[in-house]
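Report on the following structure.
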Amino acid sequence: MDDYYIAIDNLRYVYNRGEPGEKVALDGINAGVARGEFIAVIGANGSGKSTLARHLNALLLPVAGCVMINGLDTRRPENLPAIRREVAMIFQNPDNQIVAATVEEDVAFGPENLGLPPELIAGRVDAALKAAGLERLRTVPPHFLSGGQKQRLAIACALAMQPGCLVCDEPTAMLDPAGREEILNTLLRLNRGEKITLILITQFMEEAALAAKVWVLDKGRLVFLGAPAELFARPELLTACGLEPPAPAELARRLRAAGWPLSPEILTLDDLVAQLRRILGRNPFLNQNMI
Ligand code: ADP
């Protein structure tokens, strides 16, 4: 476990400990994240996803076990500033994270609080706006932005602090499909291009399908860690956890069961269309423009 960038060792968390309404939210969680990895965390409502996310930048501290971030134990108060700089959190509602009168002032807020010299702040703001695709909106008041743009602003604010890891707790839950795609593309670009470690909590299976690894939580326990294709080939496990596979993966699985030569790696609509084209394209009676 020592080699992991993020190491979660036997983590247990209990709300209202020793009081009425005591609730074990996480129980015996063991997992590791390598630097630069993209992990999706899924699970039914109340399975412990947000509680786990809040342990990754020490907003919550383990009742038992421990969480190590880049070698720093979250239980030690002297590690807090370094951990909070390393792991940035993005929440569901971007409105709660906006503090300033313009986009660029909002992004500058964090670095200003670090007391950095103005020329360094300007460089960080430029880089963060560019990475989040907001350069052209830098002088706009945040309340004029769309939901997706506001969430990209929250991401830019996080990036201005130069974190190694983004933990995103259902960042697309309040957005329309266009906004969701905008955010997902931004996060993917940051993970693939800038090598930022990405931990994405999501209720959308199509988003989880894009990750290198998926963690499935069920009633506070981690019941699956592995590749999305491996998970989505196990509908019984998903059903037991109150989840459903992404529609393209489920359609492919059923077609495969009916004898269609489709590969088990199909997770997205693009994958499915490509494979159907390959199979059906051989049929001379089929109009190529149909799919
Ligand atoms: P998820 O993010 O998967 O919906 P949560 O981590 O929010 O799950 O919650 C895990 C469990 O802990 C749930 O049963 C939830 O009701 C409970 N819980 C969450 N927050 C609190 C709290 N502040 N006080 C008491 N119980 C809580």
Next item on the list: Return yes when residue 234 is modelled with pLDDT under 95, among the basic types (Lys, Arg) and open to solvent by 10 Å² or more (accessible area, probe 1.4 Å) and no when it is not.
Entry: yes
Next item on the list: Taking the options 229, 212, 178, name whichever one is touching an Asp or Glu at 6+ places or on another chain (Cβ under 8 Å) and open to solvent by 50 Å² or more (accessible area, probe 1.4 Å).
Entry: 212
Notebook entry, point to check: residue 147: more than 16 Å from the ligand (Cβ to nearest atom), more than 15 Å from the chain's Cα centre (by Cα), open to solvent by less than 70 Å² (accessible area, probe 1.4 Å) and over 30 Å from residue 45 (Cβ atoms), yes or no?
Noted result: no
Check: Just a yes or no: is a residue in the stretch 229-240 charged (D, E, K, R), assigned to a helix (DSSP H, G or I) and either over 15 Å from residue 184 (Cβ atoms) or within 11 Å of the ligand (Cβ to nearest atom) (or both)?
Finding: yes
Check: Looking at 10, 70, 16, which is the one that is open to solvent by 40 Å² or more (accessible area, probe 1.4 Å), farther than 30 Å from residue 133 by Cα and touching an Asp or Glu at 6+ places or on another chain (Cβ under 6 Å)?
Finding: 16
Notebook entry, point to check: Given the structure, is residue 245 under 30 Å from residue 65 (Cβ atoms) and under 18 Å from the mean Cα position of the chain (by Cα)?
Noted result: no
Check: Restricting attention to the stretch 166-173, does a residue exist that is of a type in the set (S, T, N, Q), open to solvent by 10 Å² or more (accessible area, probe 1.4 Å) and either at pLDDT below 95 or within 24 Å of residue 243 (Cβ to Cβ) (or both)?
Finding: no
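The values are calculated or read from the model by the stated rules, or taken from the named source; none is laboratory data. Just so it is clear, the structure is predicted and the values come from calculations on it, not from any experiment. Because the Cβ atoms are built from the backbone with ideal geometry, glycine has one as well, and the counts that use them run over all protein chains shown. Ligands, DNA and RNA are stripped out before the accessible areas are found, and what is left, the full protein with its side chains, is counted by its heavy atoms. Shrake-Rupley method; radii C 1.70, N 1.55, O 1.52, S 1.80 Å.
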